[in-house]
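What follows is a short report on a single structure.
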Amino acid sequence: MMVLEDLFFISSLTATILAVFLAVLILTKFQGKKRYHPIGSTIFHQINNFHRLHDFLADLACNHKTFRLLSIFKTEVFTSDPANVEYILKTNFPNFGKGSHAYENLTDLLGDGIFVVDGEKWKHQRKFASYEFSTKVLRDFSSGVFKANAVKLVRVVAEAAASNESVEIQDLFMKSTLDSVFKVLLGVELDGMCGTSEEGTRFSEAFDTASAKVRYRYVDVFWKIKRFFNIGSEAVLRKCVQDLDEFVYKIIKSKIEQVQNSHPDFLGKKEDVLSRFLELKETDPKYLRDIILSFVIAGKDTTSSTLSWFFYLICKHPDIQEKIAKEVMEATQLSGDQNSISIEELEDRITEESIDKMQFLHATLTETLRIYPAVPLDGKMCFSDDTLPDGFNVKKGDYVAYLPYAMGRMKFLWGDDAEEFRPERWLNENGHFEPESPFKFTAFQAGPRICLGKEFAYRQMKIFCMLLLGCFRFKLSDEKKTVKYRTMLTLAIDGGLHLNATPRMSLG
Ligand code: HEM
């Protein structure tokens, strides 16, 4: 995908000249009694640093916990201060929301889904979905789906290991998490991992392309013109959305018919989210399509990128990898001395109880999210003039963002070893996971809009890690290669992650 730099390359000198001009302009505009946060940098420097955006913002956050970027069109305020984060996400929650900008960018794909709307529309879906996401039926069903997909992944890795080939694990995680979330939501097998369903593969490709295209709108100033003329990236987006809709509406309509006709096969099989929504008498296909696609987009790339960074980090820290593998053996009561293992036996031993015992794994996943949060920067629109807890003002229409990536690196929050990967920081003296304030560890957001799939995501990631690390020892294919993120809405590894796996024992 083209990055912003390709579109607007501006040299440092030009950026500085423009910055001075802009500073004069903005200082004139901001004269008055109100106090505004210190200026950290300018939008031009931001563009210049686009390839390392999150590190650029982290560097600025070291100087000021909260700062502004000078821009011509709107003011952007960035904060790493937990008090401000709490105020934006909880205390004065109604004053900071998705706003019109996010809605405009995302609605062609996500309609009026929970991920894009504010106010009453959001409240209704949140209430509706949180009830479903907390049921035991969904927990049991989804655990079965995660295990089945993790086993498929283990088989793909085993095949590569047997022929001494490396695997691009990020791509496999993307396919596998889409398969899982789709099955849990709609009850349908996509099988993007093995590519056995033609319709499923077409959906996966259309969904990935469409999400990349709506994300591209954040950096493409011409997207509205392109949409009007139906050309370029916008023409591709429109076609993908048509394909997606065709597939999803077909599933929704067939489920509605099954419910209305009370088909005997359908009785007793209401495990997926769609069937359960229908049971609650929510039958508007457009409402169901929108909420379901929001969940797909929210749950897929976040989980797969976290798993990818986790594998990168444990390859860099083999001692941590071994400690987790040992924890898997203990939690599943398998002997570390045995020389063969049946994948099915390991799968069977992954129960709610054994997952709960994986405290060090839980800490390591959380430590991964502290350093590489799947959503590295999360912006809200300010709906009316306000004063943040640090005493500085923000204006109606300002973009106010908190910075999970920068916050994970701040010494004032985590101590002198903030930049070190140290899962133990999350464990208490009994070796149990000890959570932090969600306004300090912001990877899942916080307040009324805290991630709805947090427990779901941890369970999925733990099941995948338990099966993979119970079976294999992983190494980076190229230890010397520098691993970087791609600047997008989620923090994926640029170019993927190539790993070599060695079976820990013979696999049956
Ligand atoms: C490691 C995995 C995940 C991380 C780090 C994560 C993080 C987040 C973050 C930061 C937000 C706030 C986004 C925003 O409003 O701007 C969010 C919202 C949300 N997440 Fe997750 N997420 C993860 C996995 C999941 C999964 C697996 C699901 C469900 C299948 C899910 C469902 C949602 C939903 C529905 C929202 C919107 C909540 C609302 O607006 O009320 N997430 N997540």
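Read-outs throughout are calculated quantities, based only on the coordinates presented, and are distinct from any laboratory measurement. All figures in this text were calculated on a predicted structure; none of them were measured in a lab. FYI the Cβ positions are ideal-geometry reconstructions off the backbone, even for glycines, and counts take in every protein chain you see.
The C-beta contact set for segment 113-140 (first residue closer than 17 Å to residue 298 by Cβ and in contact (Cβ under 8 Å) with a residue 40 or more places away in the chain, second residue buried (at least 18 other Cβ atoms within 10 Å of the Cβ) and hydroxyl-bearing (Ser, Thr, Tyr), distance under 6 angstrom, 6+ apart or interchain) comprises 113/294; 114/294; 115/294.
Per-residue answers, yes or no, for (1) buried (at least 19 other Cβ atoms within 10 Å of the Cβ); (2) closer than 24 Å to residue 301 by Cβ; (3) more than 13 Å from the ligand (Cβ to nearest atom):
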position	(1), (2), (3)
361	yes, yes, yes
393	no, no, yes
407	yes, yes, no
415	no, no, yes
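The C-beta contact set for segment 415-429 (first residue among the acidic types (Asp, Glu), second residue assigned to a loop (DSSP other than H, G, I, E, B), distance under 9 angstrom, 6+ apart or interchain) comprises 419/408; 419/409.
So that you can scan it fast, the table gives a plain yes or no per residue for (1) among the hydrophobic types (A, V, I, L, M, F, W, C); (2) away from the ligand (no atom under 13 Å from the Cβ); (3) crowded, with 16+ Cβ neighbours inside 10 Å; (4) on the phi > 0 side of the Ramachandran plot:
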site: 398; (1), (2), (3), (4): no, yes, yes, no
site: 412; (1), (2), (3), (4): yes, yes, no, no
site: 432; (1), (2), (3), (4): no, yes, no, no
site: 445; (1), (2), (3), (4): no, no, yes, yes
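Taking only segment 373-383 into account, find how many residues are more than 10 Å from the ligand (Cβ to nearest atom) and in contact with a helix residue (DSSP H, G or I) (Cβ under 6 Å, 6 or more places away or on another chain). The total comes to 2. Can you tell me how many residues in segment 366-404 are out of contact with any strand residue (DSSP E or B) (no Cβ under 9 Å at 6 or more places or on another chain) and closer than 21 Å to residue 438 by Cβ? Going through segment 366-404 one residue at a time, the tally reaches 9. Selection over segment 74-98 of residues that are over 26 Å from residue 55 (Cα atoms), touching a Gly at 6+ places or on another chain (Cβ under 9 Å) and within 16 Å of the ligand (Cβ to nearest atom) gives a count of 3.
Scanning segment 271-286 for residues that are touching a residue at least 24 places away in the same chain (Cβ under 8 Å) and within 23 Å of residue 210 (Cβ to Cβ) returns 272, 273, 274, 277, 285, 286.
Mind checking whether some residue in segment 164-173 is within 21 Å of residue 186 (Cβ to Cβ) and not in a helix (DSSP H, G or I)? No, segment 164-173 has no match at all. Quick check: anything in segment 110-130 assigned to a helix (DSSP H, G or I), of a type in the set (Gly, Ala, Ser), within 12 Å of the ligand (Cβ to nearest atom) and surrounded by 19 or more Cβ atoms within 10 Å (Cβ to Cβ)? Looking through segment 110-130, at least one residue is assigned to a helix (DSSP H, G or I), of a type in the set (Gly, Ala, Ser), within 12 Å of the ligand (Cβ to nearest atom) and surrounded by 19 or more Cβ atoms within 10 Å (Cβ to Cβ).
Could you tell me which residue of segment 306-359 is nearest to the ligand (Cβ to nearest atom), considering only residues that are surrounded by 19 or more Cβ atoms within 10 Å (Cβ to Cβ) and in a loop (DSSP other than H, G, I, E, B)? Among those residues, the one meeting the criterion is 358. Taking segment 183-220 as the region of interest, how many residues are among the β-branched types (Val, Ile, Thr), away from the ligand (no atom under 16 Å from the Cβ) and in contact with a helix residue (DSSP H, G or I) (Cβ under 8 Å, 6 or more places away or on another chain)? Within segment 183-220, residues that are among the β-branched types (Val, Ile, Thr), away from the ligand (no atom under 16 Å from the Cβ) and in contact with a helix residue (DSSP H, G or I) (Cβ under 8 Å, 6 or more places away or on another chain) number 2. Determine which single condition residue 465 fails, assuming it passes every other condition in (1) in a helix (DSSP H, G or I); (2) near the ligand (Cβ under 9 Å from one of its atoms). Every condition holds for residue 465 apart from (2). When residue 420 is tested against (1) away from the ligand (no atom under 16 Å from the Cβ); (2) more than 22 Å from residue 311 (Cα to Cα); (3) surrounded by fewer than 17 Cβ atoms within 10 Å (Cβ to Cβ), only condition (2) is not met. Assessment of segment 146-165 against the conditions (within 18 Å of residue 453 (Cβ to Cβ) and away from the ligand (no atom under 14 Å from the Cβ)) yields at least one matching residue. Against the criterion of being under 20 Å from residue 386 (Cβ atoms), part of a strand (DSSP E or B) and in contact (Cβ under 8 Å) with a residue 12 or more places away in the chain, residue 69 qualifies.
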